[in-house]
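One structure below.
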Amino acid sequence: MRVYFDNGVVVEGGGFRVLVDPFKPFDESKYDIVLVTHGHSDHVTRHIRRARAVLTRETLQVIALRYGVRPRRYHVVRPGDRLDLGGLYIHVLNAGHVPGSVMYVIETREGTVGLTGDFNPAGSNVVEGADVIEADVLVMEATYGSRHYVFPPRDELYRQIAALAEDGKAPVAIRAGPLGKGQELAKLLPSRKLYLEPRVAALNRALGFHGGRELVRGASLNPGEVLVLSLASRPPPGFLLVELSGHYVVKKPAGAIGIPLSNHADFPALLETALRSRAKRIYTVYGRAEELAKWLGRLGLRASRIPPKGQTELTQWF
Ligand SMILES: [Zn+2]
């Protein structure tokens, strides 16, 4: 069994080669199957159109909306599924990150490899918390893999956001990643006070979230009303700007109110996930991979940052 990073996580075992979450162009002929954990652009791009892929219905909708493509062949899955690809088995688990996000466990005759993608055991008001993942080898995300990242309870953050919206001194613009936060805010805030940038509105419609209205160009908002913006957009003048990201536990944004609402596991949840996985080998990927691997090592786990192609080790645990 080999696990390494080559524009995505690659797993080789039992005569199969699997690519997970390619975020750059890739040679689809090298892989038996491509697994996509969710629709964020650092996990899937338009290049998926040439591949045979496994993904959820929601992720398929996000890709169709953003890139106007579908994979050449695809298997639509949901948490709880077990796919048999002729000696290669794919177990699907809920990731709790954003609508349609999943984790995978790949099973071959050489053993099992778990892949968390981005995940969040705490879930949100639109997704259940992540399932427990168990495997011989675990590849886990490390976005918040530093001890400073301990997130407050989500209900407390929801109350803060609702209170800012109700404050009434100025209209509020909330800037956040549309996939995940866009649906959360549509469910959290009163529909009659909520406006969505067209890009966010289109995504919410595609995913079946109907709270709030699409902002009409040139319309102005009143105090007590809220506009949801995607990350690239600037707020109109006169708005109170609020930004949502887990990074705001340790540093605050300039010119905005930062609320540490995150769709990822915080540091304690990362440690707990690693311990509960019973994995004999752990690879960390994304964000603070090096730092998280060190902390896991201190807990007695065999962990390291995922190696790039060419520096792989043969993983054996028997
Ligand atoms: Zn993500």
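The values are calculated or read from the model by the stated rules, or taken from the named source; none is laboratory data. Since this is a predicted model, take the numbers as computed values, not measurements. Counting neighbours? That spans all protein chains shown, and the Cβs are built from the backbone with ideal geometry, glycine included.
Checking each residue in region 25-41 for being under 23 Å from Leu203 (Cβ atoms) and without any contact (Cβ under 8 Å) to a residue 60 or more places away in the chain picks out Val34, Val36, Ser41.
Has region 232-248 got at least one residue that is within 16 Å of the ligand (Cβ to nearest atom) and in a loop (DSSP other than H, G, I, E, B)? There is at least one residue in region 232-248 that is within 16 Å of the ligand (Cβ to nearest atom) and in a loop (DSSP other than H, G, I, E, B). Evaluate the following for His97: is it touching an Asp or Glu at 6+ places or on another chain (Cβ under 9 Å) and within 16 Å of the ligand (Cβ to nearest atom)? It is true that His97 is touching an Asp or Glu at 6+ places or on another chain (Cβ under 9 Å) and within 16 Å of the ligand (Cβ to nearest atom). On inspection, Val76 passes the criterion of being away from the ligand (no atom under 14 Å from the Cβ), hydrophobic (A, V, I, L, M, F, W, C) and at pLDDT 95 or above.
Given Gly177, Gly117, Gly168, which one is at positive phi and modelled with pLDDT under 95?
Only one candidate qualifies: Gly168.
Based on this model, can you work out whether Val242 counts as modelled with pLDDT of 90 or more, assigned by TED's automatic domain parsing to the domain that holds Leu189, of a type in the set (A, V, I, L, M, F, W, C) and touching an Asp or Glu at 6+ places or on another chain (Cβ under 9 Å)? Give the derivation first.
Details: modelled with pLDDT of 90 or more: yes; assigned by TED's automatic domain parsing to the domain that holds Leu189: yes; of a type in the set (A, V, I, L, M, F, W, C): yes; touching an Asp or Glu at 6+ places or on another chain (Cβ under 9 Å): no.
Against the criterion (modelled with pLDDT of 90 or more, assigned by TED's automatic domain parsing to the domain that holds Leu189, of a type in the set (A, V, I, L, M, F, W, C) and touching an Asp or Glu at 6+ places or on another chain (Cβ under 9 Å)), Val242 does not qualify.
Pick out, from region 2-101, the strands (runs of 3 or more DSSP E) lying fully within it that include 1 or more residues that are of a type in the set (Lys, Arg). Before you say what the answer is, go through the steps one by one.
Details: elements: 2-5, 9-13, 16-20, 33-35, 52-56, 73-77, 82-84, 89-94.
Of the strands (runs of 3 or more DSSP E) lying wholly inside region 2-101, those with at least 1 residues that are of a type in the set (Lys, Arg) span 2-5, 16-20, 52-56, 73-77, 82-84.
Going residue by residue through region 247-254, is there one that turns out to be closer than 30 Å to Gln61 by Cα, assigned by TED's automatic domain parsing to the domain that holds Ile174 and not hydroxyl-bearing (Ser, Thr, Tyr)? Looking for residues that are closer than 30 Å to Gln61 by Cα, assigned by TED's automatic domain parsing to the domain that holds Ile174 and not hydroxyl-bearing (Ser, Thr, Tyr), one finds at least one in region 247-254, hence yes. Of all residues in region 128-147, exactly one satisfies the criterion of being assigned to a strand (DSSP E or B) and not hydrophobic (A, V, I, L, M, F, W, C), namely Glu141.
Can Tyr104 be described as closer than 21 Å to Asp131 by Cα, of a type in the set (Phe, Trp, Tyr) and either within 16 Å of the ligand (Cβ to nearest atom) or not assigned by TED's automatic domain parsing to the domain that holds Ala274 (or both)? Before you say what the answer is, go through the steps one by one.
Working: closer than 21 Å to Asp131 by Cα: yes; of a type in the set (Phe, Trp, Tyr): yes; either within 16 Å of the ligand (Cβ to nearest atom) or not assigned by TED's automatic domain parsing to the domain that holds Ala274 (or both): yes.
So Tyr104 passes the test.
Contact annotation: no residue pair with Cβ atoms under 6 Å, 6 or more positions apart or on different chains, pairs a residue in region 183-196 that is in the same structural domain as Pro99 (by TED's automatic domain parsing) with a partner that is part of a helix (DSSP H, G or I) and surrounded by 20 or more Cβ atoms within 10 Å (Cβ to Cβ). Assuming Phe23 fulfils every condition listed in (1) more than 18 Å from the chain's Cα centre (by Cα); (2) among the aromatic types (Phe, Trp, Tyr); (3) within 16 Å of the ligand (Cβ to nearest atom) apart from one, which condition is it? For Phe23, the exception is condition (1). Against the test of being surrounded by 21 or more Cβ atoms within 10 Å (Cβ to Cβ), closer than 18 Å to Glu134 by Cβ and either touching a residue at least 40 places away in the same chain (Cβ under 8 Å) or of a type in the set (D, E, K, R) (or both), the options Ala293, Ala279, Ala303 yield a single qualifying residue, Ala279.
Under the condition of being under 24 Å from Leu296 (Cβ atoms) and part of a loop (DSSP other than H, G, I, E, B), the residues counted in region 249-275 number 7. Of the residues making up region 216-248, those that are touching a helix residue (DSSP H, G or I) at 6+ places or on another chain (Cβ under 9 Å) and of a type in the set (Asp, Glu) number 1. The set of residues in region 14-67 being of a type in the set (Gly, Ala, Ser), out of contact with any strand residue (DSSP E or B) (no Cβ under 8 Å at 6 or more places or on another chain) and surrounded by 19 or more Cβ atoms within 10 Å (Cβ to Cβ) consists of Gly39 alone.
Among the listed residues Gly123, Gly111, which satisfies the condition of being of a type outside the set (Asp, Glu) and within 16 Å of the ligand (Cβ to nearest atom)? Talk me through it step by step, then tell me what you get.
Values: Gly111 fails: within 16 Å of the ligand (Cβ to nearest atom).
Every option except Gly123 fails the conditions.
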